[in-house]
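Comments concern the structure below.
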Amino acid sequence: MQQKKKSPDFVLFLTVMSLLSIGVVMVFSASEYSTLVKYNDSFYFFKRQLIWALLGLIAMRLAMKYNYWQLKHYILPILIIALLLLVLVFIPGIGKEVNGARRWIAVGPTPFAPAELVKLCMIIFTAYGLARQKDKIKTFSKGVLPYLLLMSFAALLILIQPDLGTAVSLAGIVIVMIFAAGARLTHLGSIIATGLVAVGFAIMMEPYRLQRLMAFMDPWSDSQGDGFQIVQGLYAIGSGGLFGLGLGQSKQKFLYLPENHTDFIFAIIGEELGFIGASLVILLFAIFIWRGLKIAITSTDPFASLLATGITAWVGIQSIINIGVVTGSLPVTGIPLPFISFGGTSLLFTMIGVGILLNISQYTAAR
């Protein structure tokens, strides 16, 4: 039974708006020179990011108004369609290859990344299934295994794109939701151990992943090769100092740091806004996680509680992985920083997830 509707979580809304605004500004600052060189237009990525941000706000608003209980009735066919789209990326003429990876479907001038839709669908489907069969969660074969198998199938399709980072983040989201649903710690320990072995195997099977791991261990041993991106990112962060060089004053964005407006945008934040600016971004993500977990805990509906947990884990895991990679704490992998990195599909579906989370916050109980 739904609680009496109240105002959405204002702190969460303000946090997301702050991150979104920082993202639009930093995408412009990080990409202005490279797009001037490549497209003769300093505003090339800025205009696209601004459009996607506006579309994301509209989508967030619609998700806030839509009765999230109705998602239960449509999630299975939508999930099947999303998984089929993951298969379509491998078909020539439909899938779009960029830098050796086939992660996008060509939709006019704007590529579409099905993995982002799959993440949202998996969160909704897993939340519904775990809430409906919460009495079976202590039984591995009936309460946990079905969701692990479905997640593994989706992760495998993502892995062969190839995209190990997204596959790992998807697995992490589902595991967090299974934990929140009340699974046995012995089951979770076995799942995590098996997952680590699978990740290790995936790294060993691809020479470039092994090279990335070795570069992570000692990036300066090959600073002009596999360690180049890590080293340039650390140079950017290190040169920012306490207060930064100033907005728009980055040196690394002059074609030194690859992917400076996408996966490594946090390095430009550290360079231009310094330790204080980078810490503010981390604080905003911490606030997001806090408010998301508060919504999950205070929700009286098991489906809504697990749904809020999954969406919070989605943003939290991706932000931790991205910042960990940029700061040299994790091996390089292509995970965008939520709300901030350039990327239309990622931003759109993340904003839909935020809309659902704000929707749920309107029906939480008093603390």
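The values are calculated or read from the model by the stated rules, or taken from the named source; none is laboratory data. Remember, predicted model here, so these are calculated numbers, not experimental data. Heads up, the Cβs are rebuilt from the backbone with ideal geometry, glycines too, and the neighbour counts pull from every protein chain shown. Ligands, DNA and RNA are stripped out before the accessible areas are found, and what is left, the full protein with its side chains, is counted by its heavy atoms. Shrake-Rupley method; radii C 1.70, N 1.55, O 1.52, S 1.80 Å.
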Checklist entry - Among the lysines, which have Cα under 21 Å from the Cα of Lys47 when same-chain residues fewer than 8 positions away are ignored? => result Lys38, Lys253
Next on the checklist: Kirkwood Rh over alpha-carbon pairs of region 212-320, then Stokes-Einstein at 37 °C and 0.692 mPa s: what D in µm² s⁻¹, rounded to an integer?
Outcome noted: 210 µm²/s
Checklist outcome for this item: If R0 = 45 Å, then Leu293 and Lys38, at their Cβ-Cβ distance, give a FRET efficiency to the nearest 0.05 of 0.60
Item to check | Max mean-square fluctuation residue, GNM over the chain, Cα-Cα springs under 10 Å, options Ala183, Ala267, Ala53 | outcome: Ala183
Item to check | Spacing of the two label points (7 Å from each Cα toward its C-beta) at Ile282 and Lys65, in nm | outcome: 4.0 nm
Item to check | Distance cut-off 20 Å, percentage of C-alpha pairs in region 87-210 lying past it | outcome: 49 percent
Checklist entry - Per Stokes-Einstein, at 37 °C and 0.692 mPa s, what whole-number D in µm² s⁻¹ belongs to region 260-367, with the Kirkwood radius over Cα pairs as the hydrodynamic radius? => result 225 µm²/s
Checklist outcome for this item: Note to self, the chain gives a 222 nm [θ] from helices alone (DSSP H runs n ≥ 4, -39500 (n - 2.57) apiece, / all residues, nearest 500) of -23000 deg cm²/dmol
Checklist outcome for this item: To the nearest 0.05, the calculated FRET efficiency linking Leu210 and Leu156 through their beta-carbon distance, R0 being 25 Å, is 0.80
Checklist entry - What is the gain in length, in nm to one decimal, between Leu185 and Leu145 on full extension, counting 0.36 nm per residue of separation less the C-alpha to C-alpha distance? => result 13.0 nm
Item to check | the chain: translational diffusion in µm²/s, Stokes-Einstein, Kirkwood Rh over Cα pairs, 25 °C, 0.890 mPa s | outcome: 116 µm²/s
Checklist outcome for this item: quick note, region 86-204, DSSP beta bridge pairs, % antiparallel (nearest 5) is 90 percent
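For the chain, calculate the relative contact order in percent as a whole number, restricting contacts to Cα pairs under 8 Å that are 6 or more residues apart. Don't skip to the answer; put the middle values down first.
Working: 560 pairs, mean separation 102.5, N = 367.
Once divided by the residue count of the chain, the mean separation gives 28 percent.
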Item to check | Per residue accessible area in Å² of the chain, where ligands, DNA and RNA are left out and the probe is 1.4 Å | outcome: 46 Å²
Checklist entry - Picking from Ala296, Ala181, Ala202, which is most flexible by a Gaussian network model of the chain using Cα springs under 10 Å? => result Ala202
Next on the checklist: For the chain, set up a GNM with springs between Cα atoms under 10 Å and report which of Trp52, Trp220, Trp104 has the largest fluctuation.
Outcome noted: Trp220
Checklist entry - What is the magnitude of the charge dipole of the chain about its Cα centre, with +1 placed on the Cβ of each Lys and Arg, -1 on the Cβ of each Asp and Glu, and no other charges, expressed in debye to the nearest 20? => result 1480 debye
Next on the checklist: What lysines does Lys72 reach when the alpha-carbon gap must be under 25 Å and sequence neighbours fewer than 8 apart in one chain are set aside?
Outcome noted: Lys4, Lys5, Lys6, Lys119, Lys134, Lys136, Lys138, Lys142, Lys294
Checklist entry - Counting alpha carbon pairs within less than 8 Å and at least 6 residues apart, what relative contact order, in whole percent, applies to region 240-353? => result 25 percent
Checklist entry - What is the spin-label model distance, in nm, from Gln133 to Leu57 if the labels are put 7 Å beyond Cα along the C-beta direction? => result 4.3 nm
Item to check | Simple spin-label estimate for Ile78 and Ile91 in nanometres, 7 Å along Cα-Cβ | outcome: 2.3 nm
Checklist entry - How much of the accessible area of region 94-152, probe 1.4 Å, is carbon plus sulfur, in whole percent? => result 59 percent
